[in-house]
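This report refers to the structure that appears directly beneath it.
The values are calculated or read from the model by the stated rules, or taken from the named source; none is laboratory data. Computed from a prediction, not measured in an experiment: that's the story for all the values here. All Cβ positions, glycine included, derive from the backbone under ideal geometry; neighbour counts span all protein chains shown. Heavy atoms of the whole protein, side chains included, go into the accessibility calculation; ligands, DNA and RNA do not. Shrake-Rupley method; radii C 1.70, N 1.55, O 1.52, S 1.80 Å.
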Amino acid sequence: MQIGIYPGSFDPVTNGHLDIIKRASSLCDKLIIAVARNQDKRSLFAAEERVSMLIESCCGDIKNVEVVHFNGLLADYCIKRDVSFIIRGLRAIADYEYEYAIALMNKRLAPGVESLFLMASAEYLFISSRIVKEVAVYNGDISSLVPECIIPRLMKRLRSEQ
Ligand code: ADP
């Protein structure tokens, strides 16, 4: 059984992430979507909330996904879960430099696990969780940027932060 893992912060999940999830899920028997808990950037949503938003956004349509949150090194988690490959999405050149460094490190830590990169689809190339939050905080239209169920949760959280 080929198990893929798609790690990220997903703070919150966007249509760009969903596009990668749909495409990646067809490449493996099981796709683990792994929400990183211990990123150095401060998250708007707790890991458990990011997990539940991902479940709501994709688990109805896509049958072979499992959403988890994890602590510690991704490479260790991959070995523990018998993962064959790590999926990452590539948008800009800036993504490439960062992703290459991470992929080389993961290869050192878990030599049996490959990193696979999916190019962002043209319509989602410009979407990031950070940009979505920046638009939403000023009440801009985010309806084409995130799954519908995310909008009320995001607006509520941003209002409570102000
Ligand atoms: P963000 O940069 O939106 O905060 P994450 O840290 O959650 O994203 O990223 C998880 C993975 O998803 C990374 O590999 C990132 O490059 C990829 N990704 C994020 N947004 C997109 C998008 N719009 N299209 C393709 N891949 C994306």
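Overview of results
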quantity: Residue among N106, N15, N71 with the largest mean-square fluctuation in a Gaussian network model of the chain, springs linking Cα atoms under 10 Å; calculated: N71
quantity: Carbon/sulfur fraction of accessible area - region 3-161, other protein chains in place, 1.4 Å, %; calculated: 55
quantity: Shape category assigned to region 20-106 from the gyration tensor of Cα positions, a/c cut at 1.5; calculated: rounded
quantity: Built amide H within the under 5 Å cut-off of H69, gap 5+; calculated: V35
quantity: Gaussian network model of the chain, springs between alpha carbon atoms under 10 Å - residue of A122, A24, A47 with greatest fluctuation; calculated: A122
quantity: Global form of the chain, assessed from the alpha-carbon gyration tensor, a/c cut-off 1.5; calculated: prolate
quantity: Neighbourhood net charge (10 Å Cβ-Cβ; Lys/Arg +1, Asp/Glu -1) for G89; calculated: 0
quantity: Acute angle (nearest 10 degrees) that the helix 150-161 long axis makes with the longest principal axis of the chain, alpha-carbon atoms; calculated: 70
quantity: Accessible area expressed per residue, region 1-61, with surrounding protein chains retained (probe 1.4 Å, Å²); calculated: 41
quantity: Gain in span if fully extended, L27 to I79, counting 0.36 nm per residue against the direct Cα distance; calculated: 16.8 nm
quantity: Segment E114-M1, length gained on full extension (0.36 nm per residue, minus Cα span); calculated: 39.2 nm
quantity: Cα-projected label distance for Y98 with N139, points at 7 Å along beta-carbon direction, nm; calculated: 3.1
quantity: Value of relative contact order over the chain, rounded to a whole percent, pairs C-alpha under 8 Å and six or more apart; calculated: 29
